[in-house]
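J.: Encoded as structure tokens, here's the structure I'll be asking about.
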Amino acid sequence: MQLERRDAARTDRSPEPPTTVVHRPDIEVLEPDPLPLRALIGWRRSGRSEGRLAEWHPGRAALLVGAVAALGWWLPGAAVFLGILVVLILTHELGHLLVARRCGMRPTEYFLGFGPTVWSRTSASGLRYGIKAVVLGGYVKIPGMGPSEEIEASQEQFTYRAASRPRRMAVILAGVGVNFLVALVLFWGYAMWSPGIDVGPVKAATGSVSLMYDVSHDTVTGLVDLVTGAADYTRSVTGGEVPKERMVSAVGGAQITDGLLDQHPSRLLLLAGLFSTSIAVFNLLPLLPLDGGHAAIIVVEAAIARARRRPRYRLDPERFRIAAAVVVVALLALGVTSMYVDILHPLSISG
């Protein structure tokens, strides 16, 4: 009875800080967790916003704004390049979002960045959108991307897996489609605005298509050469030399952007168009977790379904998670080594 009274009295007080149980031979003592650990637990818990229509973290927002402001003051080119990437990422994910809704799906999240939430709101349709702390990516969450994912029965008809293969393919390819479209607009704007180019709107449009084709072709060729010459690439990087096939990292993009700030602003449109095209082509690679990998799964799934005469056959992407993990590790290695090369041998653009 005494224990029950003590427990009842404790519920009237504010929650106690996280504690750690210390085991001793003669007694068991509860001690508060160290302050850094309590702060980390509070940081993680504050990002959980289930049930909230709006979420706002002033501390995280101040850190993010301060980091961007410091980047703009210290490395203006890097800040501008980050802005270009943010726009390209948002438009890419917006393509997935809009087409998914058009195809009868109900995406639940649309975010810029990863990690803890800085700001978010939930719309009347149930879409949660906002900004995460690490603004180096973005995503759209569509329920039912995996056949084994648990979904409420009332929402099953609005999932990715419930849609037909053509609709799922449209959703998957929407992101790269938007990237190609944005690249065409940027190339056209560059041709019309650049002081060194004197063409009409029609010729600028045809030239934009030709330029986008050339960039796409060069990107594919460069990726093939990089894979076939992986050994030479590794030797060059470890030796501190410039590889024959050099991928431009975020550091390299910032270096190029910094060199363009003193030139006509139209050059930034050209740079953004080049990166938008390259991002689209890169995402088309038939490798998970890239968009091209999900598109390849749909194609293989359709072939198996036809061969087995099972129209409703579904392939679970989770079955390929080991292969996807290998691809992620390879992409991370490529990104890190590309940054290393760009730091040792900075990129620049003249003229």
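J.: What residue, among those in segment 110-142 that are in contact with a Pro (Cβ under 8 Å, 6 or more places away or on another chain) and either surrounded by 18 or more Cβ atoms within 10 Å (Cβ to Cβ) or assigned by TED's automatic domain parsing to the domain that holds Asp316 (or both), is nearest to Leu53 (Cα to Cα)?
T.: Among those residues, the one meeting the criterion is Lys132.
J.: So Val329 passes all but one of these: (1) more than 30 Å from Glu241 (Cβ to Cβ); (2) exposed (fewer than 12 other Cβ atoms within 10 Å of the Cβ). Which condition number does it fail?
T.: Result: Val329 passes all but (1).
J.: Could you grab me the full set of residues in segment 325-351 that are of a type outside the set (S, T, N, Q), touching a helix residue (DSSP H, G or I) at 6+ places or on another chain (Cβ under 7 Å) and farther than 30 Å from Ser266 by Cβ?
T.: Tyr340 - this is the single residue of segment 325-351 that is of a type outside the set (S, T, N, Q), touching a helix residue (DSSP H, G or I) at 6+ places or on another chain (Cβ under 7 Å) and farther than 30 Å from Ser266 by Cβ.
J.: Among the residues of segment 27-40, is there at least one that is modelled with pLDDT of 55 or more, closer than 23 Å to Arg128 by Cα and not hydrophobic (A, V, I, L, M, F, W, C)?
T.: No, segment 27-40 contains no residue that is modelled with pLDDT of 55 or more, closer than 23 Å to Arg128 by Cα and not hydrophobic (A, V, I, L, M, F, W, C).
J.: Taking the condition closer than 30 Å to Arg319 by Cβ, among the hydrophobic types (A, V, I, L, M, F, W, C) and modelled with pLDDT of 90 or more, does Met105 pass?
T.: For Met105, the condition - closer than 30 Å to Arg319 by Cβ, among the hydrophobic types (A, V, I, L, M, F, W, C) and modelled with pLDDT of 90 or more - is met.
J.: How about segment 53-96: which of its residues are surrounded by 18 or more Cβ atoms within 10 Å (Cβ to Cβ), of a type in the set (Val, Ile, Thr) and touching a Ser or Thr at 6+ places or on another chain (Cβ under 9 Å)?
T.: If the condition is that a residue be surrounded by 18 or more Cβ atoms within 10 Å (Cβ to Cβ), of a type in the set (Val, Ile, Thr) and touching a Ser or Thr at 6+ places or on another chain (Cβ under 9 Å), then Val80, Ile84 are the ones that fit.
J.: Right, something else. Give the residue that is nearest to Ala250 (Cα to Cα), with candidates limited to residues of segment 109-143 that are touching a Ser or Thr at 6+ places or on another chain (Cβ under 9 Å) and in a loop (DSSP other than H, G, I, E, B).
T.: Ile142
J.: Scan (1) surrounded by fewer than 16 Cβ atoms within 10 Å (Cβ to Cβ); (2) under 25 Å from Leu269 (Cα atoms); (3) out of contact with any Leu (no Cβ under 8 Å at 6 or more places or on another chain) for the single condition Leu184 breaks and write down its number.
T.: Condition (1) is where Leu184 drops out.
J.: Let me ask another. Can you find even one residue in segment 301-313 that is modelled with pLDDT of 90 or more, in contact with a Gly (Cβ under 7 Å, 6 or more places away or on another chain) and crowded, with 16+ Cβ neighbours inside 10 Å?
T.: So far as segment 301-313 goes, no, none of its residues is modelled with pLDDT of 90 or more, in contact with a Gly (Cβ under 7 Å, 6 or more places away or on another chain) and crowded, with 16+ Cβ neighbours inside 10 Å.
J.: Among the residues of segment 194-204, which ones are assigned to a helix (DSSP H, G or I) and touching a helix residue (DSSP H, G or I) at 6+ places or on another chain (Cβ under 6 Å)?
T.: Correct list: Ala204 only.
J.: Looking at segment 162-177, which of its residues are in a loop (DSSP other than H, G, I, E, B) and in contact with a helix residue (DSSP H, G or I) (Cβ under 8 Å, 6 or more places away or on another chain)?
T.: Ala162, Ala163
J.: Looking only at segment 310-351, which residues are assigned to a loop (DSSP other than H, G, I, E, B), more than 22 Å from Gly222 (Cα to Cα) and hydrophobic (A, V, I, L, M, F, W, C)?
T.: Listed by number, the list holds a single entry, Leu315.
J.: Report, by residue number, each residue of segment 228-247 that is basic (Lys, Arg) and over 14 Å from Pro346 (Cα atoms).
T.: Arg235, Lys244
J.: Let me ask you something else. Out of Pro58, Pro76, Pro147, which single residue is in contact with a helix residue (DSSP H, G or I) (Cβ under 7 Å, 6 or more places away or on another chain) and at pLDDT below 95?
T.: Pro76
The values are calculated or read from the model by the stated rules, or taken from the named source; none is laboratory data. All figures in this text were calculated on a predicted structure; none of them were measured in a lab. Backbone-built Cβ (ideal geometry, glycine too); neighbour counts: all protein chains shown.
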